[in-house]
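One structure below.
The values are calculated or read from the model by the stated rules, or taken from the named source; none is laboratory data. Only a predicted model underlies this, so the values are computations on that prediction, with no experimental measurement involved. In this analysis, Cβ positions are derived from the backbone assuming ideal geometry, glycine residues included, and neighbour counts consider all displayed protein chains. Each accessible area value is taken on the protein alone, full model and side chains, heavy atoms only, with ligands, DNA and RNA left out. Shrake-Rupley method; radii C 1.70, N 1.55, O 1.52, S 1.80 Å.
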Amino acid sequence: MRQWTKRLGFGAGILLVCAAGFGVLMLQASLPQTTGNLVLPGLESSVRVIRDAHGVPSIVATSRHDLYMALGFVHAQDRLFQMDVQRRLGAGRLSEVVGDAAVASDRFMRTLGIYRHAAASINAVSAEFRAVLDDYAAGINAFLRSGKTLPIEFTALGYRPDDWTPADSLVIGKLLELQHSGNYRQELLYARMAHMLPADEINNLFPEYPKDAPVTLKETAALTDGPSLEGLLAALPNDRSPQRASNNWVVDDAHSVTGKPLLANDPHLDFTAPLVWYLARLEAQDIDVAGATIPGTPVVVLGHNDRIAWGFTTTNADAEDVFVEQIDATDPRRYATPKGTAAFEVHDELIMVKGQPSETVTVRETRHGPVMSDIVTNMPPAPANSALALQASFLNDDDKSVEAAWRIGLARDWASWLDALRLFTAPALNMVFADRGGNIGFMMPGRIPIRKAGDGRMPVEGSSGDHDWAGFIPFERLPQTFNPPAGHIATANNKIVPDDYPFLITHDWDAPYRIERIEANLAATPKQSIASSMLLQRDIVSLAAKEMLPLMLAAEPSSARERTAIELMRRWDNQMDPDRPEPLVFASWVRAINKRLFQPRLGAVYGRYWSPSARATQNILRNNPAWCGGEGCPHLTAEALKDALDDLTNRYGATMESWRWGDAHRAGFEHPVFSHIPLLGALFGRHPPAGGAADTVNAGGFDSSRDETPFADLHGPGLRAVYDLADPDKSIFQIALGQSAHVLSPHYDDMQKLWMRFEGILILREPEGETLTLLP
């Protein structure tokens, strides 16, 4: 979404609205009512909404109908514009309100059919959950009809939101599936590199690439065309976000100071203002659940009830494949299949563009899925008249993943928790579980394809059927464990199955740096407490730095400045401390090394291979000195150090001791519309200094291809939680900004200082605070 926000051209009009006193009055008028009585048509009985000192609501109702209607109303009070942007993003309807800046994103979403699949999946959910979706939508629509002044973004963009529908909630779930599934991009990138580099060099770029890569690469190069692949990669919505990263761990009763299990979780997503997360407590009849919701959905995604707690990390599962479809040379309306040719399924999508003529997108689909190469306008013809189609487990019409997440909150024990997970489609997640009976467990649910042939790394031909999917891994054979002998379970996007596991889940396991730190800390503190787990969540030791530095310090310095830097790094303790210069020197030096190593071979593609893993860089420096040129790797690293020091001096001055990692590594909480508009960006954005890096437990991912802000912290733990099963109400939550999207609200960013200090809050049953009573 960052791509279209940078191009918005509202400047003058918005400034006229917001800089004037009228804009301030509108901002004030849009603040939610949080006390007194308010009639909500459609309720059966009164509902209490008790907001604590941080604006976290405890919603107390007598029926599910009233509870979820009230949740929809409360979400709309605090986050309506965010909700509307998300459903428009999924529906491919952003251009209607922001203009041609969003056409590429809309074209992509319409081609994949994200909203069509979400709308069709309404027919797959149970009647019980359909009622929840209906009640939630009714609460949002009651807010829309209440006459309340809408958030100022709607005035600035000049539109009023449509009524909310159940499909809108499901499309937000679909967006999460899409955003956590990026293997198709890797397939296209591998295929593009196959036209540029020999197999052994690609092996160096991706150290764990299969040994039989040369055959696969030759096949792919014959199937595809380099310029066409480059055009498709360029047309995809910008995805230079840092690697996905999250942590969770759970210890059983024998390894907890309270005598009951303890579970910790900090999911890492892109930072935004507001955050994706919204804390809440829900109470009605058989429901007693607290934790993090996602506005737009009636679900506590991460949290606890009175019996269990749960947490997620991303698996990075490979549940997508790109198929090269051969178009019939005599009839371009047809393509080759194992049974002869078949007609493309074709329909048109009309994209309305604010201030511009509308655009018609013709969507073609094959038996595998949508033809994603059609999103490229003026695409040059590919070899053999081919098209690239995407098959993905989340592009289906029977997706019950949002219902699965809802049912997790109703589960009472391991068996009912697993029953909920059976409904899960995507994204594949590493889920940990704990209950008050002392049990702990792990499960990775989701639809993971079983391929007839191939390893999912590269695009494959689609006409023969040899690479088709033969089904999905059976639920009973997906990775899972219950009460393991070790007494704990931990995941950090690392490899979760042994080498002899009979099915392919992914090759894209994250580097083991974070999981090694977590395991070491759990071993060092065999009896975990809330305090010790919170301490582990703030860990900023970089094992990548520990491995890389010996190779870097072999550099041959040629100046006093370089010798000073090397001596500084020799004394460094590998902590990515925001108040120290060493992390900044290290990150900048690695960036310069990677640029010298990889850019000459990758050319324009280097920007897509934006952040080579530490393992790839180490592999080159240790085992492939030819990449360093004739003068050797110590010379290259010395030249890179000079590059880095020149850059840092230009940015931060000549006094090395005054440089600070936190000055460069600021968490970027940007507003989706106002962030690139002078004055408004400063009003709505927040940029606190942050420690950590992509490989530390307290992660802070950055995009080093961004020349202006290469180390800006874009991706990290916007939510942290530690759950105590001895008393779930003593569980601790942290979010990185605040509950409200209203910039004049005291709850816009009031939890940020707590988050920076690693201090949490409780979500209480009867908090002290403001009470709004919703009346029938």
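Against the conditions (1) of a type in the set (G, A, S); (2) in contact (Cβ under 8 Å) with a residue 24 or more places away in the chain; (3) in contact with a His (Cβ under 7 Å, 6 or more places away or on another chain); (4) open to solvent by 10 Å² or more (accessible area, probe 1.4 Å), where does A453 fall short? Just the number, please.
(2)
Please work out which residue is farthest from N248 (Cα to Cα), limiting yourself to the range 671-713 and to residues that are open to solvent by less than 10 Å² (accessible area, probe 1.4 Å) and assigned to a strand (DSSP E or B).
Of everything passing the filter in the range 671-713, D713 is farthest from N248 (Cα to Cα).
Looking at the structure I just gave you, is G99 on the phi > 0 side of the Ramachandran plot, buried (at least 24 other Cβ atoms within 10 Å of the Cβ) and under 28 Å from the mean Cα position of the chain (by Cα)?
Criteria not met by G99.
Let's see how each residue does on (1) among the acidic types (D, E); (2) under 28 Å from S393 (Cβ atoms); (3) modelled with pLDDT of 95 or more; (4) surrounded by 13 or more Cβ atoms within 10 Å (Cβ to Cβ):
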{"position": "P338", "(1), (2), (3), (4)": "no, yes, yes, no"}
{"position": "L350", "(1), (2), (3), (4)": "no, no, yes, no"}
{"position": "P357", "(1), (2), (3), (4)": "no, no, yes, no"}
{"position": "E365", "(1), (2), (3), (4)": "yes, yes, yes, yes"}
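Might you let me know whether the range 604-616 holds any residue that is among the hydroxyl-bearing types (S, T, Y), at pLDDT 90 or above and within 25 Å of the chain's Cα centre (by Cα)?
no
The conditions are (1) small (G, A, S); (2) at pLDDT 95 or above; (3) open to solvent by 10 Å² or more (accessible area, probe 1.4 Å), and A194 fails exactly one of them. Which is it?
Exception for A194: condition (2).
How do the pairs read when you match residues in the range 137-153 that are under 21 Å from I122 (Cβ atoms) with residues anywhere that are charged (D, E, K, R), using Cβ under 6 Å and keeping only pairs 6 or more apart or on different chains?
Final answer for the pair search is N141/D163.
Counting just the residues of the range 686-740 that are touching a Phe, Trp or Tyr at 6+ places or on another chain (Cβ under 7 Å) and of a type in the set (S, T, N, Q), which one comes out farthest from A434 (Cα to Cα)?
Among those residues, the one meeting the criterion is S705.
Between residues in the range 484-510 that are closer than 21 Å to S393 by Cα and residues that are open to solvent by 40 Å² or more (accessible area, probe 1.4 Å), which pairs lie under 6 Å by C-beta distance while being six or more apart or on different chains?
The qualifying pairs are W509/K495.
Output the residues belonging to the range 272-286 that are in a strand (DSSP E or B) and open to solvent by less than 10 Å² (accessible area, probe 1.4 Å).
Y278, L279, A280, R281, L282, A284
Inspect all residues belonging to the range 466-474 and state whether any of them is open to solvent by 60 Å² or more (accessible area, probe 1.4 Å), closer than 27 Å to V590 by Cα and touching a residue at least 12 places away in the same chain (Cβ under 8 Å).
So far as the range 466-474 goes, no, none of its residues is open to solvent by 60 Å² or more (accessible area, probe 1.4 Å), closer than 27 Å to V590 by Cα and touching a residue at least 12 places away in the same chain (Cβ under 8 Å).
With of a type in the set (D, E, K, R) and either modelled with pLDDT under 95 or surrounded by fewer than 21 Cβ atoms within 10 Å (Cβ to Cβ) (or both) as the only criterion, which of R570, R517 stands out?
R570
Looking only at the range 597-647, count how many residues are open to solvent by 40 Å² or more (accessible area, probe 1.4 Å), outside any helix (DSSP H, G or I) and not charged (D, E, K, R).
2
With respect to D695, is the statement that it is out of contact with any strand residue (DSSP E or B) (no Cβ under 8 Å at 6 or more places or on another chain) and closer than 27 Å to I540 by Cα true?
Yes; evaluated as a whole, the condition is true for this residue.
Take the residues of the range 720-776 that are aliphatic (A, V, I, L, M) and without any contact (Cβ under 8 Å) to a residue 40 or more places away in the chain: which is nearest to A70 (Cα to Cα)?
L762
Could you check, for the range 37-59, whether at least one of its residues is part of a loop (DSSP other than H, G, I, E, B), among the hydrophobic types (A, V, I, L, M, F, W, C), open to solvent by 10 Å² or more (accessible area, probe 1.4 Å) and in contact (Cβ under 8 Å) with a residue 24 or more places away in the chain?
So far as the range 37-59 goes, yes, one or more of its residues are part of a loop (DSSP other than H, G, I, E, B), among the hydrophobic types (A, V, I, L, M, F, W, C), open to solvent by 10 Å² or more (accessible area, probe 1.4 Å) and in contact (Cβ under 8 Å) with a residue 24 or more places away in the chain.
Look at E657 and say whether it is surrounded by 15 or more Cβ atoms within 10 Å (Cβ to Cβ) and either under 30 Å from the mean Cα position of the chain (by Cα) or more than 30 Å from P512 (Cβ to Cβ) (or both).
Values: surrounded by 15 or more Cβ atoms within 10 Å (Cβ to Cβ): no; either under 30 Å from the mean Cα position of the chain (by Cα) or more than 30 Å from P512 (Cβ to Cβ) (or both): yes.
No, not satisfied.
Out of the residues in the range 432-460 meeting the condition of being more than 28 Å from A420 (Cβ to Cβ) and among the small types (G, A, S), tell me which one is modelled with the lowest pLDDT.
Once the filter is applied, the top-ranked residue is G454.
So which helices (runs of 4 or more DSSP H) stay within the range 109-171 end to end and still have 2 or more residues that are surrounded by fewer than 20 Cβ atoms within 10 Å (Cβ to Cβ), on the phi < 0 side of the Ramachandran plot and at pLDDT 95 or above?
Details: elements: 114-121, 127-144, 152-157.
Ranges flagged: 114-121, 127-144.
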